[in-house]
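Quick one: structure below, then a few questions.
Read-outs: derived from the displayed coordinates by stated rules, not from any lab. Predicted model, so just to flag it, every value in this text is computed and none were measured. Note that we place each Cβ from the backbone using ideal geometry, even for glycine, and neighbour counts take in every protein chain shown.
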């Protein structure tokens, strides 16, 4: 199966200042989608309607009983990955694995089984690549891929593919997971560089053409998406292409319930990159934990700066 998708990017559509604005929006979108979705994670759409009506505010709670504005492993692992890239000055599997290990040592509020297994293997053996497994097609590598999207922005498709697999395989070594995660990276990068919603639709359609299991335009709406990458991206794509704003897209996806913090985080990064900072509702920015917001803003800018430096010297660390 071919894993390198045609990015269809207009590389000159954004100024540097605009690119920084949209990159910050992508990172804040990730965190906002995470915090918004965490409240209704593992609920069904009917349970959400009964308890919240239409869930559209960051209020905390949920099965994790989170404080208002708190994020989960989706944002925390993204920040850990980004820190590893920045500290190393490039991509190195052992640095990323160590950053994930440090994060797990901090006793996070939530951690997926496949993620825990991969980090535990690294601690025991030093290996940074899980054995390939047909049942490891979860969304845990996809939810944290934004630092890869920012750092490899403008790189050749094969380079982005290698970078994706390097971080993903520390915990998730599966062809479907690789393909879905690469697609999310490509959608995010295309949006960052000025692509339209129609450009993103072409990339999503290319994913479906490469792997029909990702088809998202059937008669049945993907409600209660689980951790399976196929269910996750069906819900994300359906919500993204059925709406026309950052706010409506996120509300649409988290009200489907299921793994709502992760569908919210993934759609938030794509929609932030597409619609920009000004499209993010002020009430969500105000409600998001401000330390988290500060880290997201700074890491987005630092990753873009490192990317620019690495492009000048012709080495992104792979």
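Any chance you could run the full-extension gain for residue 94 through residue 63? It's 0.36 nm times the residue separation minus the Cα-Cα distance, nm to one decimal. Mind dumping the intermediate values first?
Working: separation 31, 0.36 × 31 = 11.16 nm, distance 3.32 nm.
Full extension of this stretch gives 7.8 nm more.
I'd like the distance separating the alpha-carbon centroids of region 229-306 and region 140-194, in whole Å.
16
To continue, here is another question. Suppose only helical runs count, i.e. DSSP H with n ≥ 4. What mean residue ellipticity at 222 nm does that imply for the chain under -39500 (n - 2.57) per run, divided by all residues and rounded to the nearest 500 deg cm²/dmol? Walk me through the numbers before you get to the answer.
Working: 14 runs with 191 residues, N = 318.
Value at 222 nm, helices only: -19500 deg cm²/dmol.
Related question: Simple spin-label model, 7 Å along Cα-to-Cβ: residue 221 to residue 106 in nm?
Modelled inter-label distance: 3.6 nm.
Length gain on complete extension for the stretch residue 162 to residue 46, per 0.36 nm per residue less the alpha carbon to alpha carbon distance?
Going from the current span to full extension adds 37.7 nm.
When 42, 214, 246 are ordered from fewest to most other Cβ atoms inside 10 Å of their Cβ, what list results?
Placing the least packed residue first, the sequence is 42, 214, 246.
I've got another one for you. Using 0.36 nm per residue, how much length does the chain from residue 279 to residue 124 gain when fully extended, once their Cα-Cα distance is taken away? Don't skip to the answer; put the middle values down first.
Values: separation 155, 0.36 × 155 = 55.80 nm, distance 4.51 nm.
51.3 nm is the gain from fully extending residue 279 to residue 124.
Pull out a ≥ b ≥ c, the square roots of the eigenvalues of the alpha-carbon gyration tensor of the chain, then state rounded if a/c is under 1.5, prolate if not and a/b is larger than b/c, and oblate in the remaining case. Walk me through the intermediate numbers first.
Details: a/c = 1.25, a/b = 1.16, b/c = 1.08.
Rounded shape, in that the Cα axes give a/c under 1.5.
Then there is this: Return a whole-number percent for the relative contact order of region 16-313, with Cα pairs under 8 Å and 6 or more residues apart as the contact set. Spell out each step's value before the answer.
Working: 550 pairs, mean separation 100.4, N = 298.
So the answer I get is 34 percent.
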